[in-house]
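K.L.:
This is the structure I want to talk about, given as structure tokens.
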């Protein structure tokens with residue numbers, strides 16, 4: 001299911017207003033990053049009941065998932081594949097981000113402005129993960 005606005009809107013309908021705004025901002029950043037990096041279309045779907053984005057073209061990048069929960073209403077979390085070094089790299093590059101377990105979860109504080117540069121950089125690194133890991137990989 002590619003870029004289904006209904007799926008996205010329905011999924012975030014019960015989220016808090018700050019979480020909805022942050023999710024919409026992230027989604028727009030993800031689309032921008034995909035275009036800027038020439039990775040083609042991305043798959044937007046639900047994985048394990050979580051919003052999920054991934055380049056459709058194989059061996060391009062990895063999956064980026066988004067979670068908000070009512071029991072932690074002031075945070076929005078982005079998850080990367082735990083077999084990558086993406087969370088670790090983010091921890092080094094953006095030590096001021098609210099939370100980072102160094103393995104797979106980067107958490108943003110919804111009571112503060114969303115660090116759009118960090119989110120965009122995470123999306124860029126995630127959606128091009130295999131391209132940057134494999135110097136022989138060619139972008140189409």
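FYI, it's all coordinate maths here, none of it is from the lab. Every value quoted in this text rests on a predicted model; they were computed, and no experiment measured them.
K.L.:
Taking the Cα atoms of the chain, report the difference between the largest and smallest coordinate on each principal axis, in whole Å and largest first.
P.N.:
Dimensions of the chain along the principal axes of its Cα atoms: 44, 35, 25 Å.
K.L.:
On to the next question. In percent, what relative contact order does the chain have, based on Cα pairs under 8 Å that are 6 or more apart in sequence?
P.N.:
Values: 234 pairs, mean separation 33.9, N = 140.
Relative contact order for the chain comes out at 24 percent.
K.L.:
Quote to one decimal, in nm, the extra length available between residue 72 and residue 41 on full extension: 0.36 nm per residue of separation minus the C-alpha distance between them.
P.N.:
Numbers: separation 31, 0.36 × 31 = 11.16 nm, distance 3.18 nm.
Gain in length upon complete extension: 8.0 nm.
K.L.:
If you don't mind, there's one more thing I want to ask. Counting each pair of different Cα atoms once, what's the Kirkwood radius of the range 78-122 in Å, rounded to one decimal?
P.N.:
That comes to 10.4 Å for the range 78-122.
K.L.:
Roughly speaking, what is the stretch gain from residue 56 to residue 117, that is 0.36 nm per residue apart minus the C-alpha to C-alpha distance, in nm to one decimal?
P.N.:
Between residue 56 and residue 117, full extension yields an extra 19.6 nm.
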